[in-house]
Amino acid sequence: MNTTESVFDVIRELILELKDDEIENITLESTIEALDLDSLDFVEMQVVVRKKLGVAMDPKAFASRNISTLRALCDYILELTEAAQAPA
């Protein structure tokens, strides 16, 4: 079962690869804007989340769900994970 921390670890590692930032600068409260993520970064994030966490993120989620922090992003991914694991 995924937790906020386990999802955050995956996202943080990806951001560290993409942005060459310091680990202590990337927290759950970091904003997407402050991290300077662009559309190609979001595509890469979708690929990594699908591979490592087994869920597909909606490409429009950042605009339609008002995802502005890494905590909100992790919560969204957890919602997807729980929905995928729910019995039909």
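Values computed for the structure shown
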item	result
Candidate set: the range 41-88, residues that are over 11 Å from the mean Cα position of the chain (by Cα), loosely packed, with under 13 Cβ neighbours inside 10 Å and among the basic types (Lys, Arg); chosen: the one nearest to Ser6 (Cα to Cα)	Lys51
Of residues in the range 25-40 being open to solvent by 20 Å² or more (accessible area, probe 1.4 Å) and of a type in the set (S, T, N, Q), the one modelled with the highest pLDDT	Thr27
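The values are calculated or read from the model by the stated rules, or taken from the named source; none is laboratory data. Quantities reported herein were computed from a predicted structural model and do not represent experimental measurements. So basically every Cβ, Gly included, is an ideal-geometry build from the backbone, and we count neighbours across all protein chains shown. Just the protein is used for accessible areas: all its heavy atoms, side chains included, with ligands, DNA and RNA removed. Shrake-Rupley method; radii C 1.70, N 1.55, O 1.52, S 1.80 Å.
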